[in-house]
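Here is the structure we will look at, set down as structure tokens.
The values are calculated or read from the model by the stated rules, or taken from the named source; none is laboratory data. What you see is a predicted model; the values in this text were computed from it and never measured. Here the Cβ positions follow ideal geometry from the backbone for every residue, glycine too, while neighbour counts run over all protein chains shown. Heads up: the accessible areas ignore ligands, DNA and RNA and are worked out on the full protein's heavy atoms, side chains in. Shrake-Rupley method; radii C 1.70, N 1.55, O 1.52, S 1.80 Å.
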Amino acid sequence: MPQTIENKPEPVIPSLYIDGQWRHAVTESTFPVTNPATGELLAEVSDGSVDDVRAAVAAADAALPAWSKRTAYERAEVLFEAHRRMLERSEQLAKLMTEEQGKPIRAAGIEVKYAADFLIWFAEEAKRVYGQTIPSARADQRFMVLHQPVGVVGAITPWNYPVSMITRKVAPALAAGCTVVLKAAEQTPLCAIEVFRILEESGVPPGVVNLVTTSDPAPVGAEFVSNPAVAKLTFTGSTSVGKLLARGAGGHMKRFSMELGGHAPFIVFDDADPGHAAKGAAMVKVLNTGQACISPNRLYVHRSIKDAFLKVLVERVAKMRAGSGLTEGVSIGPLIDSDALERMQRQVDDAVGKGAVVETGGNRLIDEGLERGFFFAPTVLSGVTDAMDIYREETFGPIAPVIIFDDEDEVIAMANDTKYGLASYVYTQNLARAWRVAEQLRFGMVGVNDINPTSAAAPFGGVKQSGQGREGAHEGILEYLDTKLVGFSI
Ligand code: NAD
């Protein structure tokens, strides 16, 4: 029985933004949004259905001709304004993100800045959609190549980076001259609402961007796939859902880009500084409580420096304080839900049952009020082998599994032995080795002595089952443009 607006506690937020209007769902259903650190109810938002999505797609389709005809300079102006407003509101947005998603307030502030970076990067990039002229073999012929907006974009985003995953799609789409219907993650609609308010206030015309919130994403994905007005799908999320949507889009020969799961290797060679590498590993592993697609999932450490590496890693990880991200001194927030907690315990128990050793952590945290949220102790496992689930399954949580290796070829083969291919990391002081290994790793991104090889200016994306297409950088706008050849007989 769907719950309606009348029998819900306040506040009920009309969270569908369609054709420039904030609306409730056609069915008037709503769903709750809760704080993963405390279980507290934050708000009720509109539970959109296929009818709402159809209205949003129709609005985006109607707005497309006028928006795509605006000059790149006019479209850029709106994005510059959105960038300015997002930075102006960054404290408020960061606090909301901490409450809704759980990450510590400092990390939330960094994400808002990263999100705003996409707005300004693509404001600038809008003006660099260059075409080409090509010489013909015929004396009386000329070729011209144009890039034109693909049309209406259906976008689906995850909860782990609830603001930046939106701007990473919406900014290039708008810059290219496309219109958008975005379905936000059901765990983090409040952040999405704030982003769309900023876009609205920045002068994005009605219908150009549309937001749908829903507790039931599958019918929305199906509508994006089958609705002929949607020209392109862009998705960030799990590999399983990405494949489902890619199959659907392929059936209708629609363009798609997919940013999916990862299983990053983090390789520490014997010529690296083990303490420096361990500090980097500890920092990137707990980033967003391990709920990042670029999170290291296999830490390969050379046998000769294993003890020195483990000592620093365990020291660092053990002293991290978990709690509400709004509390001073907290460096690790909650997991998103109880399923994630169960996955952590299952992966730890499976590994320990097969011979791994828990160096620190390994269990749910329930002291000092943490039992109200989904907290798992930051964990280091040693003695990890390829027989364990954690060696192949994406963990998406704060568990660092350490594996010993002996030589370069062996570790490259082990690192590449995964269906995923998103981020990878290499620690070495040997320049030749850094080149060799970076070239041989079958991943879309390699950090060499660098735990954060990401930026709005750099192409982000994966190979193999980590996805297709790139976000950010010049490549990011190409995902929203079609290539058209015009041949002239003169
Ligand atoms: P998910 O695939 O369950 O959800 C992601 C989004 O897809 C949400 O908006 C959800 O509502 C929607 N969704 C779920 N089922 C759907 C369906 N049948 N049809 C249409 N939409 C559907 O993933 P998640 O667990 O929420 O997010 C974590 C995953 O996202 C991880 O695998 C992570 O690695 C990946 N991720 C990848 C990147 C990247 O850039 N490569 C970035 C962030 C997260």
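Run the 1.4 Å probe and let me know the accessible area of residue 454, rounded to the nearest 10 Å².
Using a 1.4 Å probe on the heavy atoms, I get roughly 40 Å².
How fast does the chain diffuse by Stokes-Einstein, in µm²/s, taking the Kirkwood radius from C-alpha pairs at 20 °C and 1.002 mPa s?
Stokes-Einstein gives a translational diffusion coefficient of 91 µm²/s.
From the phi angles alone, apply the Karplus equation (6.51, -1.76, 1.60; θ = phi - 60°) to region 95-103 and give each ³J(HN,Hα) in whole Hz, x where the residue is Gly or Pro.
Whole-Hz 3J(HN,Hα) from phi for region 95-103: 5, 4, 5, 4, 5, 8, 10, x, 5.
Counting pairs of alpha carbon atoms under 8 Å apart in space and at least six apart in sequence, what relative contact order in percent does the chain give?
17 percent
Quick one: order 337, 417, 307, 52 from most to least accessible surface, probe 1.4 Å.
Largest to smallest exposure gives the sequence 307, 417, 337, 52.
Once the dipole of region 264-448 is set up with Lys and Arg at +1 and Asp and Glu at -1 on Cβ about the Cα centre, which of 292, 331, 445 lies farthest towards its positive end?
Selected residue: 331.
So what is the accessible area of the chain per residue, in Å², with the probe set to 1.4 Å?
Dividing the accessible area of the chain by its residue count gives 40 Å².
Between residue 140 and residue 54, how many nm apart are label points set 7 Å from Cα along the C-beta direction?
Taking the two extended label points, one gets 5.3 nm.
With bins 10 Å wide starting at 0, give me the P(r) of region 340-490 over every alpha carbon pair, in whole percents.
Calculated over all Cα pairs of region 340-490, the distribution is 10, 28, 30, 20, 8, 3, 2, 1 percent.
Return the subset of 319/464; 127/484; 232/285; 306/464 for which the Cα-Cα distance in this structure is over 27 Å, preserving the input order.
Listed pairs above 27 Å: 319/464; 232/285; 306/464.
Using only the alpha carbons of region 264-448, determine the length spanned along each of the three principal axes and report them from longest to shortest in whole angstroms.
For region 264-448, the Cα spread along each principal axis is 50, 32, 29 Å.
Counting Lys and Arg as +1 and Asp and Glu as -1, each charge on the Cβ, what is the dipole of the chain about the Cα centre in debye, to the nearest 20?
It works out to roughly 1240 debye.
Go through 422, 435, 41 and say which Cα lies farthest out towards the positive end of the charge dipole of the chain; charges sit on Cβ, +1 for Lys and Arg, -1 for Asp and Glu.
435
In the full protein assembly as shown, how much of residue 235 is accessible to a 1.4 Å probe, in Å² to the nearest 10?
Residue 235 exposes around 10 Å² with every protein chain in place.
Sum up the charges of everything whose Cβ sits under 10 Å from the Cβ of residue 392, counting Lys and Arg as +1 and Asp and Glu as -1, but leave residue 392 out.
-3
Determine the percent antiparallel among the DSSP beta bridges restricted to the chain, to the nearest 5.
Of all bridge pairs located within the chain, approximately 40 percent are antiparallel.
Compare the Cα positions of 412, 355, 398 along the charge dipole of region 322-441 (+1 at Cβ of Lys, Arg; -1 at Cβ of Asp, Glu; about the Cα centre) and return the one farthest towards the positive end.
The Cα lying farthest towards the positive end belongs to 398.
In debye to the nearest 20, how big a dipole does region 174-296 give about its Cα centre with +1 on each Lys and Arg Cβ and -1 on each Asp and Glu Cβ?
It works out to roughly 420 debye.
Based on DSSP, what percent of beta bridges with both residues in region 264-448 are antiparallel, to the nearest 5?
15 percent
Using a basic spin-label model with each label point 7 Å from the Cα along Cα→Cβ, how many nm lie between residue 186 and residue 413?
About 4.4 nm, to one decimal.
For the chain, give the percent of accessible area contributed by carbon and sulfur heavy atoms, probe 1.4 Å, rounded to a whole number.
Exposed carbon and sulfur together represent 54 percent of the surface.
Dipole magnitude of region 264-448 about its Cα centre, charges +1 at Lys/Arg Cβ and -1 at Asp/Glu Cβ only, in debye to the nearest 20?
In debye, rounded to 20, region 264-448 gives about 280.
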